[in-house]
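Enquirer: Have a look at this one.
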Amino acid sequence: MKKKIVVLAGDGIGPEIMTSGVTILKKAVENSEIAFEFEAHPFGGAAIDAKGEPLPEETLTACQQADAILLGAIGGPKWEHAAQTPEQGLLALRKALHLFANIRPISVPNALLPLSPVKEQIVKGTDFVVVRELTSGIYFGEPRHLGEAEAYDTNRYQEDEIRRIIRKAFEIAQDRRKHVLSVDKANVLATSKLWRKIAEEVAQEFPDCTLEHQYVDSAAMRIVQNPTAFDVIVTENLFGDILSDEASVLPGTLGVLPSASHSESGVSLYEPIHGSAPDIAGKNIANPVSMILSASLMLRQSFNMNDEADRIENACFEAMEEGILTKDLGGETTTTAFTEAILEKLK
Ligand code: ATP
Ligand code: MG
């Protein structure tokens, strides 16, 4: 079986960390039943330079026909005032692919415990996933209005939009510790009351998993007070935006955090949570772990290759514990040297 991976390296540190991620991915799957072919396409600022637009049609078509997409990072000061910005290209891509589910796994490897802004004994063992609804809710609801003396937005959710994101959370929980925490504000919001009801219904389809509910305000406290209590958190667009950023400070650097975005039946996109980091681009000092873990998330979630994904993740965590650390983690290991170290571990 052959699977096509579209590679969008993008801008800034994107190409450097992509080289690292793809090199390690190739090594990890070399003896697997599934073979991968990689196809690179211009996207973001790089595509503006090459083709005059951030999301050229052939890039979009390739993405639509791919089995999975790996994205580095896009944007930078060079294109801030472009007619179409790289960020617009990314929004257009997400929309065209109907990526409704944004997944951010948050873990704190032992090597990073001293970097966490949260006390070691509290953050040690943190390993959870935030599942955020990405294409509905208050960011999209109509009507909306901005006047001089009054303004409003509409938080709107359809039953099927809630059902599919809750299902996605349970599917992820099945491969983990089988616990789903649905976060809402059901004591106040109508959308949250519907959300809670649908969550209960979907839970019946997953008898091997447990469902718990929590209000968003108390979940926000718990993320820093007791982060090891979570397995899978699922929540609506606005709450997910806030909670996933809150959670991303736990490891003490953005350089180790991957993400996935899923559609209902189509292709999924995997990318680091950070931006293109123009301040460190081209210096061979970027931390490639965010990209490497994005690739392993792809193996897990798009191809069910959990053994290969485990090997990649363990190699990264082991390397960091051995003190093989890039500059953002206080070390001196370069991007390419880190990649070599992981390759060695995968032999
Ligand atoms: P964007 O607007 O695209 O999200 P940003 O301005 O928020 O970008 P990032 O590119 O996410 O910024 O970077 C924020 C800081 O984190 C920068 O100082 C950057 O150098 C650092 N950083 C981000 N990713 C990495 C990485 N993989 N390795 C090392 N440092 C990183
Ligand atoms: Mg940012």
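Any read-out appearing in this document is the output of simple, stated calculations on the displayed coordinates, not a laboratory observation. Since the model is a prediction, treat every value here as computed from it, not as a measurement. Cβ placement follows ideal geometry from the backbone for every residue including glycine, while neighbour counts extend to all protein chains displayed.
Enquirer: Taking the DSSP beta bridges in the chain as the whole, what percent of them are antiparallel, to the nearest 5?
Expert: Values: 16 of 43 bridges.
Antiparallel bridges make up about 35 percent of those DSSP assigns within the chain.
Enquirer: May I pose another question? So which residue, out of Ala247, Ala151, Ala186, gets the largest mean-square fluctuation from a GNM of the chain using Cα contacts under 10 Å as springs?
Expert: Per the Cα network of the chain with a 10 Å cutoff, Ala151 tops the list.
Enquirer: Scan the stretch 87-167 for trypsin sites (Lys or Arg not before Pro) in coil per DSSP, keeping those whose Cβ has at most 15 other Cβ atoms within 10 Å, and list them by number. Provide the component values of the computation, followed by the final result.
Expert: Working: sites: Arg94, Lys95, Lys119, Lys124, Arg132, Arg144, Arg156, Arg163, Arg164, Arg167; in loops: Lys119, Lys124, Arg144, Arg156.
Taking the stretch 87-167 and a limit of 15 other Cβ atoms within 10 Å, the loop trypsin sites (Lys or Arg not before Pro) found are Lys119, Lys124, Arg144, Arg156.
Enquirer: Over 26 Å, how big is the tail of the calculated P(r) for the stretch 127-249, in percent of all Cα pairs? The partial results should precede the final answer.
Expert: Working: 1457 of 7503 pairs.
Cα-Cα pairs of the stretch 127-249 separated by over 26 Å account for 19 percent.
Enquirer: Sticking with this one: Just to confirm the filter: which GluC sites (Glu not before Pro) across the stretch 42-102 are DSSP coil and have at most 16 other Cβ within 10 angstrom of their Cβ? Kindly include the intermediate steps, with their values, before the conclusion.
Expert: Details: sites: Glu57, Glu58, Glu80, Glu87; in loops: Glu80.
Within the stretch 42-102, the qualifying GluC sites (Glu not before Pro) (loop, at most 16 other Cβ atoms within 10 Å) are Glu80.
Enquirer: Still on this structure, I have one more. In whole Å, how far is the Cα centre of the stretch 237-301 from that of the stretch 104-134?
Expert: The stretch 237-301 and the stretch 104-134 have Cα centres spaced 14 Å from each other.
Enquirer: Where does the chain land at 222 nm, in deg cm²/dmol rounded to the nearest 500, when only DSSP H runs of n ≥ 4 count, each adding -39500 (n - 2.57), divided by all residues?
Expert: One gets -12500 deg cm²/dmol as the mean residue ellipticity at 222 nm.
Enquirer: Magnitude of the Cβ-charge dipole of the chain, K/R +1 and D/E -1, about the Cα centre, nearest 20 debye?
Expert: Dipole size: approximately 320 debye.
Enquirer: Which peptide among 108-118, 9-19 comes first, and what is the full order, when sorted by highest mean count of other Cβ atoms within 10 Å?
Expert: Details: 108-118: 17.5, 9-19: 26.2.
Sorting 108-118, 9-19 by mean packing, highest first, produces 9-19, 108-118.
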